[in-house]
Amino acid sequence: MYRVGIVGCGGIAQVHAAVLERYPDTALIACADIKSDRAKDLAGRYHCCAYETLSGMLKNEALDAVHICTPHALHVPMAKEIAEKGIMVFMEKPPIISMEQWNELIDVANRVRLGVCFQNRYNPNVIEALRIIREKVYGSPRGARAFVCWNRLAPYYQESGWRGAWETEGGGALINQSIHTLDLLIRLLGPAKKIEAFMANHHLKDVIAVEDTVEAYLQLQACPALFYATTAYAADAPVSIEIVMDSATIRLEEERLEIRTKDGVDCRTFPAAETLGKGYWGNGHYACIADFYQAAKEKRAYQNDVLSVRDTAMAMLEMYRQGKMHLNIGKKK
């Protein structure tokens, strides 16, 4: 039985706690949050101990793993503190917000087992699409496109205390809302050999310093890809990934996999796992977290280890390097 702690008791921590309660080889022992009421609320629902700091939790509890569910900028510093105790780390996305943090994260991963929560890799339709592409069922990829059109208004940023600022969030629509989609593109079609990116802040100029829209042309290993993400849409529309193959077009949306050929359309809907949080978070958290502990138990490499997210992290950083040139950095109400 793995004794587990959670640091950061906001919305996504509720999903992690629910998974840890359901998975037979884990027990949620403690949680920590600088907002003590949130830690006490989570502790009350899952019958564990509440702390106001990660340091206090690490000092007083014998833990095998800690899940990091805090604001982005704290992911790597907290991973370092946890690793100093020889404790496994499971962290929410994004793994980093800078190249300096990437170098620090590599050091952490060399010391303890570390996993990153890219849960959409476990979606059945994604797994099947990956098989089709790798086995060249419809030939080779010729091109791809991905769309993330969601809605985030001023209160989402103003009430958080950390979103909308480069120093704490590390970015906006890319690093927060669409990094999973970028990761899936790279997982399906290989690392980016060349990137051209543009960013803008269209609808919250007086509220946030980061981007609400990003568009990019990615020359991936397998083929070119067009990427577009925005939080300036009227609703949270389903994420869409489309890949043009030699003899078919593959489309991924929610739990569906659609394959269009000259003979017609094959639309497959895969059984969805229980959605433990907001619908747009996907339903792969249980599989993702369970595999982390199963890999530890079997002493094998974890699918979402630090090396597996390198290409996504580097593409994200390069998109921000270019995109920041188009934004008026530092101007925030």
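The values are calculated or read from the model by the stated rules, or taken from the named source; none is laboratory data. What you are looking at is a predicted structure, and each value in this text was computed from that prediction instead of being measured. Neighbour counts are summed over all protein chains in view; Cβ atoms, including those assigned to glycine, are modelled from backbone coordinates with ideal geometry. Ligands, DNA and RNA are excluded from the accessible area calculation, which covers all protein heavy atoms including side chains. Shrake-Rupley method; radii C 1.70, N 1.55, O 1.52, S 1.80 Å.
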Which pairs in the list Lys35/Lys297; Lys193/Lys324; Lys85/Lys193 are over 26 Å apart, alpha-carbon to alpha-carbon? Lys35/Lys297; Lys85/Lys193
Pairwise centroid distance, computed over Cα atoms, of region 16-87 with region 125-189, Å: 27 Å
What are the DSSP H helices in the chain that stretch 24 Å or more along their long axis, judged by alpha-carbon atoms, and whose average Kyte-Doolittle hydropathy comes to at least 0.0? none
Calculate the FRET efficiency for Met1 and Arg45 from the Cβ-Cβ distance with a Förster distance of 22 Å, rounded to the nearest 0.05. 0.65
Which of the aspartates and glutamates could a cross-linker bridge to Lys80, judged by Cα under 12 Å and excluding same-chain residues fewer than eight apart? Glu104, Asp107
If you plug each phi of region 144-158 into the Karplus form 6.51 cos²θ - 1.76 cosθ + 1.60 with θ = phi - 60°, what whole-Hz ³J(HN,Hα) values come out, in order, with x for Gly and Pro? 8, 9, 9, 10, 10, 10, 10, 10, 9, 9, 3, x, 4, 8, 5
3J(HN,Hα) from dihedral phi, region 222-233, Karplus parametrisation 6.51/-1.76/1.60, rounded to Hz, x for glycine, proline: 8, 5, x, 9, 9, 10, 9, 9, 8, 10, 9, 7
Rounded to the nearest 5, what % of DSSP beta bridges with both residues in the chain are antiparallel? 60 percent
When the accessible area of the chain is split by element with a 1.4 Å probe, what percent falls to carbon and sulfur? 51 percent
Among the aspartates and glutamates, which fall within straight-line cross-link reach of Lys262, defined as a Cα-Cα distance under 20 Å, with same-chain neighbours fewer than 8 residues apart omitted? Glu135, Glu242, Asp246
Can you pull the one-decimal nm distance between simple spin-label points at Asp263 and Asp206, each 7 Å off the Cα toward Cβ? 6.0 nm
When the helix-only estimate is applied to the chain (DSSP H runs of n ≥ 4, each -39,500 (n - 2.57), divided by the residue count), what is the mean residue ellipticity at 222 nm, nearest 500 deg cm²/dmol? -9500 deg cm²/dmol
Extension reserve of the Ser247-Leu226 stretch, reckoned as 0.36 nm per residue once the Cα distance is removed: 5.6 nm
When all protein chains stay in place, what accessible area (Å², nearest 10, 1.4 Å probe) is found for Arg321? 130 Å²
Among the aspartates and glutamates, select those whose C-alpha is under 13 Å from the C-alpha of Lys40, and discard any that sit fewer than 8 residues away in the same chain. Glu52
